Structure formats: C-alpha cells, structure tokens
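Readers should treat all values here as calculations from the given coordinates under stated rules, not as data from a laboratory. Please read all numbers here as calculations on a predicted model, not as lab measurements. Here the Cβ positions follow ideal geometry from the backbone for every residue, glycine too, while neighbour counts run over all protein chains shown.
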Amino acid sequence: MGIDAQMFAKTRAKLTEDGVRRLSVDLVSGFGREHFVLWNEEPDPHHALELTDVYTQDGPDIVPAKGETFVLAHLSGRFYGPGYERGDLPTYIMVADWLERRIEGAEVWYGGDSSGVCAFKFDRPKREQFFAHFARQGNEPYESRRDVLAAGMKEQPVCGFCKIGMHACGFNCGPKHDLLTVYCPGCEEEWYAADGGRTLTPVPEDERLGTQAWEERQGWERALRELTRELKARKFGATGTLEIVAAVRDRLARPEPREPMSQAQAEALLDSLSPMLGDTVRVDKPKKGTTKRRKRT
C-alpha cells in the first residue's frame, strides 16, 4: 500500500482527555470529517485528536520526554513530500498551523506510516519549504506515474479541454469490466478508453470512480486503507475477510446486495478495488490454530 500521512504535537501544557476531545470536535467542525480518521467502534474508538504515550512509525518509536504530552492527529490521506507528491499538503499545513494556535507551546511533527518515512519537526520554515515545492510540482510527479502506456494503450489520450495528457485511474471498468478509465488532472473529466486508447467514451456520472471530486477519491482510499489494515493485522481467512469486505462494501455504498462469496470471490473483489490506489491488496490465510489481533494506533 501507499504511505499514509501522520502528525502529532508535542507540548508541555497540561492537557486532559476531555480537553483534547473538545479540541478534536473543533478541529473536525472547522476542517470537515473527510480529512480525519474517526473510529466509533470497539475495541478502540478514537477521535481526530487523541492523547498518546508513544508515536509509532516505520522506524524508532518516539516517546514523550519527562513533562511532555503527545497529541496524535489521525489524518486521512497519503503523505506528501518531495519524491512522494501524493497527499493533500495544503490541508496538512493548515492542520499543523491550527495545532500550534490551539495547543499552548505545541511543536508539530509530521511523517508517514511506512517505507521508512519517519517523523520530523514540521515548523513554519519546514512548512514553507514543502509548500514551495507543492506550488511548483503539485501532485503531478505522482499522478504522471499512472502511465496509460504501461497499461497497454498505444498512445496517451489528450484532454480536449485542457490540452494535456490524461492519466490512468482505474482498470477492469465499464459494464463488462474490460475498459481502462483515464482522467484529466486539470478538469478531472473521466473517460473509458478502448481499442488501445483509440476510442474514448465519457464516463457517465453514476459510474464515475471518484476522480471528479477529491473528497470522493479520498473516501475510496480511506475505506481501502481501513480494509487493508484489518487484513494485515488479523490475518483473516475466508469468514473474517467476507465480514470486512461486506462492511467496506456498505461504506462504499455499493448498489449490489450483500450475498455469500467464496474466498476466491472475496479476493477478486479486493483486486477489483485495489487499482484505485495503484496497489494490490492481498488476503493472507491464517496459519492453522493461530489468531492474530492488534490494537489500533
């Protein structure tokens, strides 16, 4: 999977769980829930902001020094940085600024959850450096990797409105699941591509994959990340996998009714969803007689 964005604030101010919960409500109310991961389910519900005694990452854990308190921000989205221009950097910068303004003496740190992207101090000079890169590059370095030529097309389709090359955003699409979907990063129009890219057909509104609105794309990515984390953490077999798939299918508001599926069908469903992120979701079967579960972080 890709690299998810992570953020936390260090402070020596005395904070309570009730106080941080109030801050979380204000944060979500101001920015919108789509920018955060809220989990209102047992065994480990959490708000957008939570007190934590350890920051975990794909590297050494970071723990508070004596007298310090850590406030974890559950961001929803991919990491953005030079070499991985994927996530919603303007929102991350605004969240960091908000944390500094609302938490006394806050020092904000930002990083990723995987691939060795460890947290670093995300102060104003660093945010300015990152935003200068964003202003020059945007998300194009990452988006341009969705190469339609690598997907088997003869040539890259050009958007008639923006006059730029379009990118691949979905595979096995259309009524017969045999088409490639391409979109323009300038106007976010979507097209079905057939005959090696020689034939382009506008994607009907009710069949769009979500690239026309950033919020919709984020919704798909968020649901898939949750699904993948569960599968990796629990090593579920057929029964557990079907429960998770059914839950994610509900979240995605899939029109078809819930019905029994085999393990192979469940894996096929995951594979049909995973190209949305350019990644492959695998279902690992559990070892006989073992069960694995982890606490959400």
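Net length available on complete extension from Arg145 to Thr201 is 17.9 nm, with 0.36 nm assigned per residue and the Cα-Cα distance removed. About the centre of its Cα atoms, the range 1-152 shows a dipole size close to 520 debye [charges on the beta carbon of Lys, Arg (+1) and Asp, Glu (-1) only; nearest 20 debye].
Remark on Ser114: its backbone amide H falls under 5 Å from those of Asp4, Asp58, a criterion applied only to residues 5 or more positions apart or on other chains, H modelled at 1.01 Å from N. Exposure proxy for Ile62, Ile164: other Cβ atoms within 10 Å of each Cβ, ordered fewest to most, give Ile164, Ile62. Put simply, the amide H of Phe36, placed in the peptide plane, has neighbours under 5 Å in Ser76, leaving out anything fewer than 5 places away on its chain. Look at Met94, Met7 and count the other Cβ atoms within 10 Å of each Cβ; fewest to most, that gives Met94, Met7. Taking amide H as placed 1.01 Å from N in the peptide plane, Glu190 has its amide H under 5 Å from the amide H of Val203, each at least 5 places away in sequence or on another chain.
For GluC sites (Glu not before Pro), the sites in the range 1-93 that DSSP calls loop and that have at most 11 other Cβ atoms within 10 Å are Glu41.
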